[in-house]
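Visitor: I'd like to ask you about the structure that follows.
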Amino acid sequence: MTSAEKFAKEYLGKVFYFCLKKTGNDDDAEELSSDIAFEVISSLSRGASPENFDAWVWTVARRRWAKFAAKKYYKNPEQVDIRDYDDILAADDDVERDVILSDDIASLRRELAFIRSDYRKILVSHYVDEMSVSEISKKYDIPVGTVKTRLQNSRKILKEGMNMARTFGVRSYNPEDVAFSQSGSIKKINPWVAVLRKIPKNILLEASNNPSTVEELAMELGIAVPYMEEEVDILEKSELLKKIDGDKYITSFFIMPRECQEELDRLCWQYAERNYEALWKLACKAAEHAKEIGTLNGTISDEDVKMYFVGNVGFRVYLSPFTNHILVDHFHRKDGGTWGFMGYEKGAKLRPRTPFDNSFHSADGIYLGGYFANGFGFEEKIYKIYNNYSMPGEQGRRMLKQLAVSGGDVSGFSENDTFILNEMINCGFAVKTDDGKVLPRVITIGDKISEIMQPVWADSENTRLKEEMKALVETAKEIVARYCSDSLKDDFEYYVAKSSFILSRMATLIKERGLYTGNSREFVALMY
């Protein structure tokens, strides 16, 4: 390939873009690019043989642009001195300023997207907004010398980056999913708000047990640094990411890998297989005793009352190896909240089970404790109506207690109470009778829970279940320790307590083996 052919093939498009950038319109760009091409081809035809072809072409282009500019502003182009145009022409060693090939432009934009914010804002101001050094100095209140130094350093960083074969991480095209669980009290800081989308989920997954800079997270997810900085800031303020080692971030809670979940799943099923019958017998004993001492209101079937006590007894057995506060107030957040958080990588191969949950929401000494299977019919409505919980809020709990004490009399309720009462009827927490009364559709325990559970605590099977649970927890600690970072050691016991899910295995087996024959999903109890 001759030099003229090389110019025609590799430089004509670049030259036109250069001219378009300098002149600002197509007509002038065509005229200027024709002048540059004519001079290049003429010189080559006269025998010019430049050692550095690229540098020579752009020297010709800059000089022709200088003459064009002189003519445009009514000067004699034959007397122009190119040094008069140093402020608008790129220096020979300022390669980035003359980047015009589309591939190079893409590389430059890519590097701008992944450069630190203090460098990035100066580069963008200088090369994109075409501000001078002195203008940048005034805009950001930075000494001129600092601006020059940062420009010089950032050009070096850019040039090195453009020569690198940067590769985005797997998460940029194949994001993973993660489920979360939370316990304790939420105040102003609500962690759930921060983790609703794929981006924060994959940031947390990437930074789990893996301290990462903002730039590293940006490359892994394929997201420009300005956007990643905002995402990281939100997660840090939500106390889900924490900054360590200067400029690195790590997920502040345990995200259980799939392999860890599978190991614990096998361990928990073994315990459940051995003990589900014993747990059912204890639950039946508690239900019968509750009926004997007259604490139940008759709106829930005997079968569902028994299933409620599966959760009640099982939860107390489950927490027996732990200190009382581990799931309730172990954490102390900036806003006074006491919530803990935990993640679970999706995709683990687990045996299907009926998820069980339990919640206690208190107000004025009233507790609405729920042990329920997944999928009960009013869950979505409750989320919309009551404080993002799957239980009625403070006023709803107060009203349920009033209904339980009064035997369903609604005469003392205000107009606002009536609205909430109707919502609770629609959601299934209360039922209206033919005679106009409204009965709580929950298991009414009152203040008798300790009395109800006395026969259970005295039963030798309860003692055996607790001893077996202690052994299980010790094994679970060994498993979790292999996957949990040392940075989370202060909260290690909490993550073990949140890892076992014994109740869900127990409930599944009790249902599968025919011990529970009901169909309800509403095992909710009122205590006050």
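The values are calculated or read from the model by the stated rules, or taken from the named source; none is laboratory data. Remember, it's a predicted structure, so these values are computed and weren't measured experimentally. Using ideal geometry, Cβ is built from the backbone for each residue, glycine included, and neighbour counts are taken over all protein chains shown.
Visitor: For segment 193-207, indicate whether the set of residues that are over 29 Å from residue 318 (Cβ atoms) and of a type in the set (S, T, N, Q) is non-empty.
Guide: yes
Visitor: Same structure, new question: So how many residues does segment 317-360 have that are among the charged types (D, E, K, R), at pLDDT 80 or above and crowded, with 16+ Cβ neighbours inside 10 Å?
Guide: Residues of segment 317-360 that are among the charged types (D, E, K, R), as a first pass: 329, 333-335, 345-346, 349, 351, 353, 357.
Subset that is at pLDDT 80 or above: 329, 333-335, 345-346, 349, 351.
Adding the requirement that they be crowded, with 16+ Cβ neighbours inside 10 Å leaves 333, 345.
Within segment 317-360, residues that are among the charged types (D, E, K, R), at pLDDT 80 or above and crowded, with 16+ Cβ neighbours inside 10 Å number 2.
Visitor: Right, here's the next one. For segment 460-478, state whether one or more residues are part of a loop (DSSP other than H, G, I, E, B) and either modelled with pLDDT under 90 or surrounded by 12 or more Cβ atoms within 10 Å (Cβ to Cβ) (or both). Let's see the steps before the verdict.
Guide: So in segment 460-478, the residues part of a loop (DSSP other than H, G, I, E, B) come out as none.
Within segment 460-478, none of the residues are part of a loop (DSSP other than H, G, I, E, B) and either modelled with pLDDT under 90 or surrounded by 12 or more Cβ atoms within 10 Å (Cβ to Cβ) (or both).
Visitor: Oh, and also: Please determine, by comparing only the residues of segment 14-72 that are crowded, with 17+ Cβ neighbours inside 10 Å and touching a Pro at 6+ places or on another chain (Cβ under 6 Å), which one is farthest from residue 3 (Cα to Cα).
Guide: If we take residues in segment 14-72 being crowded, with 17+ Cβ neighbours inside 10 Å and touching a Pro at 6+ places or on another chain (Cβ under 6 Å), then 70 is farthest from residue 3 (Cα to Cα).
Visitor: Hey, can you tell me all the residues within segment 393-414 that are among the charged types (D, E, K, R) and within 41 Å of the chain's Cα centre (by Cα)?
Guide: Applying the first criterion (among the charged types (D, E, K, R)) to segment 393-414 yields 394, 397-398, 401, 409.
Once the filter is applied, which keeps residues that are among the charged types (D, E, K, R) and within 41 Å of the chain's Cα centre (by Cα), segment 393-414 yields 394, 397, 398, 401.
Visitor: With respect to residue 267, determine if the residue is within 30 Å of the chain's Cα centre (by Cα), more than 20 Å from residue 185 (Cα to Cα) and either among the aliphatic types (A, V, I, L, M) or surrounded by 20 or more Cβ atoms within 10 Å (Cβ to Cβ) (or both). Quick ask: steps written out before the conclusion?
Guide: Details: within 30 Å of the chain's Cα centre (by Cα): yes; more than 20 Å from residue 185 (Cα to Cα): yes; either among the aliphatic types (A, V, I, L, M) or surrounded by 20 or more Cβ atoms within 10 Å (Cβ to Cβ) (or both): yes.
Against the criterion (within 30 Å of the chain's Cα centre (by Cα), more than 20 Å from residue 185 (Cα to Cα) and either among the aliphatic types (A, V, I, L, M) or surrounded by 20 or more Cβ atoms within 10 Å (Cβ to Cβ) (or both)), residue 267 qualifies.
Visitor: If you don't mind, there's one more thing I want to ask. For residues in segment 287-313 being in contact with a Gly (Cβ under 7 Å, 6 or more places away or on another chain) and part of a helix (DSSP H, G or I), which is nearest to residue 431 (Cα to Cα)?
Guide: 304
Visitor: Say whether the condition of being under 30 Å from residue 148 (Cβ atoms), modelled with pLDDT under 80, assigned to a helix (DSSP H, G or I) and in contact with a Leu (Cβ under 7 Å, 6 or more places away or on another chain) is met by at least one residue in segment 23-37.
Guide: Initial filter on segment 23-37 (under 30 Å from residue 148 (Cβ atoms)): 23-24.
Add one more test, that the residue is modelled with pLDDT under 80, and what stays is 23-24.
Narrowing further to those that are assigned to a helix (DSSP H, G or I): 23.
Next, from what is left, pick out any that are in contact with a Leu (Cβ under 7 Å, 6 or more places away or on another chain): 23.
Scanning segment 23-37, I find at least one residue that is under 30 Å from residue 148 (Cβ atoms), modelled with pLDDT under 80, assigned to a helix (DSSP H, G or I) and in contact with a Leu (Cβ under 7 Å, 6 or more places away or on another chain), so the answer is yes.
Visitor: State the number of residues belonging to segment 267-286 that are free of Cβ contacts under 8 Å to residues at least 24 places away in the same chain and either outside any helix (DSSP H, G or I) or within 18 Å of residue 460 (Cα to Cα) (or both). It would help to see each step written out before you state the result.
Guide: If we filter segment 267-286 for residues that are free of Cβ contacts under 8 Å to residues at least 24 places away in the same chain, which is where we start, we get 270.
Restricting the remaining residues to those that are either outside any helix (DSSP H, G or I) or within 18 Å of residue 460 (Cα to Cα) (or both) gives none.
Looking only at that region, the number is 0.
Visitor: For segment 275-320, which positions are among the hydroxyl-bearing types (Ser, Thr, Tyr) and more than 22 Å from residue 407 (Cβ to Cβ)?
Guide: Taking segment 275-320 and keeping what is among the hydroxyl-bearing types (Ser, Thr, Tyr), we get 276, 295, 299, 301, 308, 318, 320.
Answer for segment 275-320, where residues must be among the hydroxyl-bearing types (Ser, Thr, Tyr) and more than 22 Å from residue 407 (Cβ to Cβ): 276, 318, 320.
Visitor: Report, ordered by the first and then the second residue, all pairs with beta carbons closer than 8 Å, sequence separation of six or more or different chains, a first member in segment 406-417 that is at negative phi and modelled with pLDDT under 85, and a second member that is surrounded by 10 or more Cβ atoms within 10 Å (Cβ to Cβ) and hydrophobic (A, V, I, L, M, F, W, C).
Guide: Note: pairs meeting the criteria are 417/399.
Visitor: Given the options 234, 255, name the one that is surrounded by fewer than 22 Cβ atoms within 10 Å (Cβ to Cβ) and β-branched (Val, Ile, Thr). Lay out the reasoning, then the answer.
Guide: Values: 255 fails: surrounded by fewer than 22 Cβ atoms within 10 Å (Cβ to Cβ).
Within the list 234, 255, the selection yields 234.
Visitor: When you look at residue 84, is it modelled with pLDDT under 80, surrounded by 13 or more Cβ atoms within 10 Å (Cβ to Cβ), among the acidic types (Asp, Glu) and at negative phi, yes or no?
Guide: Values: modelled with pLDDT under 80: yes; surrounded by 13 or more Cβ atoms within 10 Å (Cβ to Cβ): yes; among the acidic types (Asp, Glu): yes; at negative phi: yes.
Yes: the conditions hold for residue 84.
Visitor: Considering each of 503, 509, 421 in turn, give the residue that is under 37 Å from the mean Cα position of the chain (by Cα), assigned to a helix (DSSP H, G or I), without any contact (Cβ under 8 Å) to a residue 24 or more places away in the chain and surrounded by 15 or more Cβ atoms within 10 Å (Cβ to Cβ).
Guide: Values: 503 fails: without any contact (Cβ under 8 Å) to a residue 24 or more places away in the chain; 509 fails: without any contact (Cβ under 8 Å) to a residue 24 or more places away in the chain.
Answer to the selection: 421.
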